[in-house]
Amino acid sequence: MTQGAKNALQDQLKVVRERFISLLDERLDELEVLREHIDQGKNREEALKKIQFIVHKISGTAGTLGFPETGKLAARAEDAIIRTLASGGEQPTFEDTIKLVDVFHENALDVSSSYYWN
C-alpha cells in the first residue's frame, strides 16, 4: 500500500471514528435519561431493555474503531442485562447489573471527552 493510500485510509477512519463518537454522545444522553427513569422507579424492565439496545450497538462497533475497553464494558453490561431480565432480576441482581451499566457509562464518557480534547 502506498503512503497516499495509507493516508486516505487514515482520513476515512478518522471520519468514521468521529461519527461513532457523535453517535456515542447521543446514546449516552439516552442512557442518562433511562438511568433517571430507573432511579425514579419508572418501569425498570423497559428501561433495561432500551439500555440493552444501546450497549449492544456500541459493543459491536467500539472495539473495531479503536475503543476496545468501551466495547468490552458494553458487552459485559449487555450480557448482564440479558441474564437479569431472564431471571427476573435475581441473577445477576438488578442492582449489580445497573453497576455494570454505570461502569460502562463512565468509561464511554471518558472516551468521548478524551476524543474531543485530543
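No value in this document is a laboratory result; all are computed from the given coordinates. Note that the coordinates shown come from a computational prediction; the quantities given were computed from them, not determined experimentally. All Cβ positions, even for glycine, are placed from backbone atoms using ideal geometry, and neighbour counts span all protein chains on display.
What to note about this one:
- Reach of K14 by Cα under 25 Å, taken over lysines that are not fewer than 8 positions away in the same chain: K6, K57, K72
- Net charge dipole size for the chain [Lys, Arg +1 and Asp, Glu -1 on Cβ; Debye, nearest 20]: 500
- Percentage, to the nearest whole number, of Cα pairs in the stretch 1-43 over 16 Å apart: 57
- Computed over neighbours whose Cβ is under 13 Å from that of R83, the net charge equals -3, Lys and Arg +1, Asp and Glu -1.
- For the chain, a Gaussian network of Cα nodes joined below 10 Å ranks V33, V101, V55 by mean-square fluctuation, and the top entry is V33.
- Relative contact order %, the chain, counting alpha carbon pairs below 8 Å whose residues are six or more apart: 23
- Loop-resident sites, the stretch 1-33, for GluC sites (Glu not before Pro), counting at most 10 other Cβ within 10 Å (DSSP): none
- Distribution of pairwise C-alpha distances over the stretch 77-118, 10 Å bins, in %: 33, 34, 21, 11, 1
- Computed [θ] at 222 nm, deg cm²/dmol, the chain (DSSP H ≥ 4; -39,500 (n - 2.57); rounded to nearest 500): -29500 deg cm²/dmol
- Cα lying deepest toward the dipole's positive end in the chain, options G88, F67, N43, charges on Cβ: F67
- Sorted from longest to shortest, the spans of the Cα atoms of the stretch 1-107 along the three principal axes equal 56, 23, 18 Å.
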